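In what follows, a single structure is set out as structure tokens and then discussed.
Just so it is clear, none of the values below were taken in a lab; they were calculated from the coordinates. This one's a predicted model, so the numbers in the text were calculated from it and none came from an experiment. Note: ideal-geometry Cβ built from the backbone for every residue, glycine included; neighbour counts use all protein chains shown.
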RNA sequence: CGGGGCGUAGUAUACCGGUAGUACGCUUGGUUUGGGACCAAGUAGACCGAGUUCGAUUCUCGGCGCCCCGACCA
């Protein structure tokens, strides 16, 4: 994409109504636009990042057998009354409204109920189990206090997967399988090393749930971590009993702040029972499937990546989620030969399937470099009089900054590695 | 929801009870051209409402909005 055509522009100053680093940098770079507290629109660059994250999540969910669907945001009151979750006294962050005919509807804050209800139409036999289904959908939660940019909003994009198993053993196998897929997602987006599967409060149907906590000083959660054992415990559930369960002593654990980027739960038969989701066992008996639910905040993860990787110059995107893999910059200084050469390279990249953000703007070098640093694309290719004289293009990495002159023949090869 | 803070051009900021200045941006012209150039001329602003006052952007009250700390976070 030609940067001159991009409708967004960068800004030198962060808006004064944002303190969170992720929001400041994402707004300055033209990735997001604030609509109101806790509500952001995703602009072309931001949407590209979000889609890259979604696709990684999608690939890993598919890899463990997840089937994607898309459930509605509008939710009927009747369904949620069956599980007792319509009541404001039970769930206080519903956004609710009414249809023209007066019927109550809510904007989905999660989808256990509709997912379970959908499966009623299709589950009939033990042969139908196990099943894993997920969607990536906007969630609406009327938070009393939105904060931290896109990390805790009232509207946010979340992947939620649900598993249906015929036995506890099968459920546990699915649970571990999805947990493994989560770690793969976090590895692919570059935070695998610093993300811990963390013991957290389980709710009614299991002793613990697991959170995926990414170490960061700006995190809202406090966890206790053993880097050696790769174990972590949320402060919420930290007590002697938990330590015994995990086989660690308090002295091995270090207190850290962390961002919750995922949370997985065993649900037992709470939802299948309440909504009448059953199947026939071999012996002809009617049984309720055992469920699990697995949330991963895609938009929050995007914010977390900014928080974790950004430096004083701007965002540093991990390669897999960068809006473009390559930032091509022409420093033409009015020299038409340089522009022609950069245009040609842009076309060459395109022909080879490499999507580049091409800074073809009529601007000075300093401005282009500063913008490139802010936008945070991992690989930079510069075409200028200097590089033409040296018979190549200049390649540098956003993270390490080291530059080298590379011949055009080599460049495609290099990008692919 | 308790506590605190803040609303001034597109953005960031300043001053002031007598209608607002600076920087960036943007427009025009010129000189520049590898790390946010320079000169010149332009452009554009007091959240809303009420009150006090001769006069309110400034003071008071209310509303709305935003941020932070805490609580909450299925």
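Over the stretch A:163-273, Cα pairs under 8 Å with separation of 6+ residues give a relative contact order of 28 percent. Projection of the Cα convex hull of the stretch A:23-164, averaged over all directions and equal to a quarter of that hull's surface, yields 10.4 nm². To the nearest ten degrees, helix A:44-63 and the longest principal axis of the Cα atoms of chain A are 50 degrees apart. Scaled to the globular estimate 2.2 N^0.38 Å, the Cα spread of chain A, given as radius of gyration, is 1.12. The convex hull built on the alpha-carbon positions of the stretch A:275-330 has an orientation-averaged projected area of 7.7 nm². Take the Cα of residue A:170, go 7 Å toward its beta carbon, and the backbone nitrogen atoms of the stretch A:113-128 under 14 Å from that spot belong to A:123-128.
Here the translational diffusion coefficient of the stretch A:122-229 follows from Stokes-Einstein with Rh set to the Kirkwood radius across Cα pairs; for 20 °C and 1.002 mPa s it amounts to 130 µm²/s.
The alpha carbons of the stretch A:36-109 occupy a box of 39, 35, 24 Å along the principal axes, longest dimension given first.
Working note: Cα atoms of the stretch A:332-404, range along each principal axis, descending, whole Å: 29, 28, 23. Between the helical axis of A:336-351 and the longest alpha-carbon principal axis of chain A there is an angle of about 30 degrees. Report the normalised scattering of the stretch A:208-357 as log10 I(q)/I(0) at q = 0.14, 0.17, 0.19, 0.21 Å⁻¹, calculated by the Debye formula with identical scatterers on the alpha carbons. Rounded to two decimals, the profile gives -0.89, -1.04, -1.14, -1.24.
Relative to the longest principal axis of the Cα atoms of chain A, the long axis of helix A:168-188 lies at roughly 10 degrees. Here each label is just a point 7 Å from Cα along the line to Cβ, and for residue A:217 and residue A:243 those points are 2.8 nm apart. Build a GNM of chain A with springs between Cα atoms under 10 Å apart, and of A:281, A:113, A:260 the one that fluctuates most is A:281.
Shape class of the stretch A:296-417 from the alpha-carbon gyration tensor: prolate, with a/c at 1.5 or above and a/b greater than b/c. Annotation for the stretch A:356-417 versus the stretch A:262-279: alpha-carbon center distance of 52 Å. Between A:83, A:163, A:97, the residue with the greatest mean-square fluctuation in the GNM of chain A (Cα pairs under 10 Å linked by springs) is A:97.
Taken over the stretch A:1-44, the percentage of Cα pairs per 10 Å bin, counting from 0 up to the bin with the maximum distance, is 28, 55, 16, 1. Oblate is the label for the stretch A:203-248, because a/c, from the alpha-carbon gyration tensor with a ≥ b ≥ c as root eigenvalues, is 1.5 or above and a/b does not exceed b/c.
For chain A, the relative contact order comes to 16 percent (Cα pairs under 8 Å, sequence separation of at least 6).
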